[in-house]
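The structure appears below as structure tokens.
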Amino acid sequence: MRPLIANLEPDSPLCAPFTKAMRAEHAFLELRRFPDGETYLRFKSDVSKRHVILLCSLDRPDDKFVRLAFAAATARDLGAKSVGLVCPYLAYMRQDARFVAGEAVSSVCFAKLLSSQADWLVTVDPHLHRHKSLSDFFEMPTVAVQSAPLMGDWIRRFVERPLLVGPDEESVQWVAAVARETNAPQVVLNKIRSGDRDIEIRVPELDHWRGHTPVLVDDIISTGRTMIETTKALKRAGLRSPICVGVHGVFADTACQQLLDAGVQRVVTSNTVKHETNAFDVSGILAAAVSDICGLKP
Ligand code: R5P
């Protein structure tokens with residue numbers, strides 16, 4: 001029987017293409033708030049003996065997690081054969097250490113919470129830095145799919161003479177993967193972060209690259225400060241106005257406009273988080289990974 005996809009975000013850009021790629025059916029849900037703000041959830045489709053896939057990107061995660069936990073527990077309670085999570089953006093992965101005494105190591109706390117909800121998890125390019133793999137701290141089968149082939153394809157089609165630029169050491173993994181796809185040259189800069197929005201970028205000698213189009217590659221664009229400060233540093237070094245490519249366009253407040261105001265040519269992201277900058281679609285790679293992890297052939 002075809003799997004059922006329960007979409008937990010009304011405006012998900014992935015719901016239609018992912019359901020199609022999976023050759024799945026929609027599970028109909030009623031999702032609303034009680035007058036006091038609490039969450040109401042009801043499955044209107046019969047999930048008994050069905051494989052249920054919960055689709056929910058976890059940007060702005062605190063509210064969404066409650067929805068996801070209620071949906072997972074209810075699907076099980078109603079007799080679902082299995083419950084899997086497709087979370088195209090996985091929140092809380094950057095707080096992967098106790099940097100200051102007493103802090104929550106949110107990545108580990110959140111992994112424990114998610115692991116107790118479902119049978120498996122598929123996500124796109126999670127921020128893995130101090131944790132080398134999701135299996136190090138998740139207690140369920142996980143698959144992390146890579147969007148580098150999609151980013152590489154976009155860059156090959158739309159950018160002349162790209163120079164891939166990683167703003168910091170943590171971006172090396174994405175820059176290197178995109179470089180393999182594009183054969184473009186790469187440089188990685190040095191970032192010093194002293195606060196959520198306080199960032200300094202140090203660049204090496206870049207004169208050689210003045211005839212190239214800098215393409216900043218990173219996994220997450222949140223406040224945009226990393227890319228804004230990188231843009232300013234590249235301009236001071238005499239390089240052209242860059243293009244910013246991010247996997248997850250989380251965009252706090254007016255981050256995207258601030259990037260454009262800083263002189264960025266264009267900002268593009270994948271559709272893991274709905275945004276006007278979405279330029280490449282991860283539904284196909286997600287569907288292939290789901291089929292691998294649980295044997296649900298698309
Ligand atoms: C952290 O190292 C990530 O890879 C990104 O560079 C970071 O999350 C970007 O954040 P922001 O846009 O707030 O500078």
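Rule-based calculations on the coordinates, nothing more; no lab input. The structure displayed is predicted, hence computed values, not measured ones. Here Cβ is always computed from backbone atoms with ideal geometry, including for glycine, and neighbour counts include all displayed protein chains.
Net charge near residue 229: determine it from the other residues with C-beta under 9 Å of the C-beta of residue 229, scoring Lys and Arg +1 and Asp and Glu -1. All intermediate terms of the calculation are to be shown ahead of the outcome.
Numbers: positive: 191, 225, 232; negative: 200.
For residues surrounding residue 229, the net value is +2.
If the cut-off is 22 Å between C-alpha atoms, which lysines fall inside it for residue 64, apart from same-chain ones fewer than 8 positions away?
Cross-link targets: 44, 112, 274.
Helix-only mean residue ellipticity at 222 nm, the chain, DSSP H runs n ≥ 4 weighted -39,500 (n - 2.57), per residue, nearest 500. What is it?
On the way: 8 runs with 88 residues, N = 298.
Result for the chain, helices only: -9000 deg cm²/dmol.
Find the relative contact order for the range 143-298 and round it to a whole percent, using C-alpha pairs within less than 8 Å whose residues are 6+ positions apart.
So the answer I get is 20 percent.
Is there a quick way to get the dipole size of the range 128-217? I mean about its Cα centre, with the Cβ of Lys and Arg at +1 and of Asp and Glu at -1; what is the value in debye to the nearest 20?
Its charge dipole is roughly 220 debye.
Taking the alpha-carbon distance from residue 235 and a cut-off under 25 Å, which lysines remain once sequence neighbours fewer than 8 residues away in the same chain are dropped?
The qualifying lysines are 191.
For the residue pair residue 139 and residue 81, what label-to-label distance in nm results when each label sits 7 Å from Cα along the Cα-to-beta-carbon direction?
About 2.7 nm, to one decimal.
Compare the Cα positions of 159, 133, 143 along the charge dipole of the range 79-198 (+1 at Cβ of Lys, Arg; -1 at Cβ of Asp, Glu; about the Cα centre) and return the one farthest towards the positive end.
The listed residue farthest towards the positive side: 159.
Neighbour counts of other C-beta atoms within 10 Å: give me 107, 12 arranged from fewest to most.
Values: 107 25, 12 18.
Neighbour counts put them in this order, fewest first: 12, 107.
As a test of the definition: which semi-axes, in Å, follow for the range 1-153 when you take the square root of five times each eigenvalue of its alpha carbon gyration tensor? Largest first, please.
So the three semi-axes of the range 1-153 are 26, 20, 15 Å.
Treat each spin label as a single point 7 Å out from the Cα along the C-beta direction, and report the residue 32 to residue 235 distance in nm.
So the label points at residue 32 and residue 235 sit 4.9 nm apart.
Sorted by packing (mean other beta-carbon atoms within 10 Å per residue), highest first, where do 126-139, 277-290 land? Intermediate results must be reported in sequence, preceding the final value.
Working: 126-139: 16.5, 277-290: 20.4.
Order by mean packing, descending: 277-290, 126-139.
Estimate the FRET efficiency between residue 25 and residue 253 by the formula 1/(1 + (r/R0)^6), using the beta-carbon distance for r and 35 Å for R0, to the nearest 0.05. Working shown, then result.
Working: r = 38 Å, r/R0 = 1.08.
For R0 = 35 Å, the calculated efficiency reads 0.40.
May I ask you to derive the relative contact order of the range 36-105, considering only C-alpha pairs under 8 Å and at least 6 residues apart, and to give it as an integer percent? Display every interim value, and only then the final one.
Numbers: 79 pairs, mean separation 26.2, N = 70.
Contact order relative to length: 37 percent.
Out of every Cα pair in the chain, what percent are spaced more than 24 Å from each other?
On the way: 23464 of 44253 pairs.
Distances greater than 24 Å cover 53 percent of the Cα pairs.
With a Förster radius of 51 Å, plug the Cβ-Cβ distance of residue 73 and residue 208 into 1/(1 + (r/R0)^6) and report the FRET value to the nearest 0.05.
On the way: r = 57 Å, r/R0 = 1.12.
Rounded to the nearest 0.05, the efficiency is 0.35.
What is the order of 171, 147, 116, 82, fewest Cβ neighbours within 10 Å to most? Don't skip to the answer; put the middle values down first.
Numbers: 171 24, 147 27, 116 12, 82 17.
Neighbour counts put them in this order, fewest first: 116, 82, 171, 147.
Can you sort 92, 40 by how many other beta carbons sit within 10 Å, fewest first? Intermediate values should be presented prior to the final figure.
Working: 92 22, 40 10.
Ascending Cβ contact count within 10 Å gives the list 40, 92.
In a solvent-free Debye calculation with one equal scatterer on each Cα, what is log10 I(q)/I(0) for the range 144-298 at q = 0.19, 0.20 Å⁻¹, listed in the order of the q values?
With no solvent term, the Cα-only Debye profile gives -1.16, -1.27.
Using label points projected 7 Å from each Cα along Cα→Cβ, tell me how many nm separate residue 106 and residue 194, to one decimal.
2.3
With no solvent and one point per C-alpha, what does the Debye sum give as log10 I(q)/I(0) for the range 94-196 at q = 0.16 Å⁻¹?
-0.85
How far is helix 61-77 tilted, in degrees, relative to the longest principal axis of the Cα atoms in the chain, given as a value from 0 to 90 rounded to the nearest 10?
Taking the Cα atoms of the chain, the angle to 61-77 is about 30 degrees.
What trypsin sites (Lys or Arg not before Pro) does the range 161-207 have in DSSP loop regions with at most 16 other beta carbons within 10 Å? If you can, show how the numbers build up before the last one.
Values: sites: 180, 191, 193, 197, 202; in loops: 197.
Qualifying residues, ordered by number: 197.
If you restrict to DSSP beta bridges whose two residues both lie in the range 1-87, what percentage is antiparallel, to the nearest 5? Display every interim value, and only then the final one.
On the way: 5 of 16 bridges.
Taking every DSSP beta bridge within the range 1-87, about 30 percent pair in antiparallel fashion.
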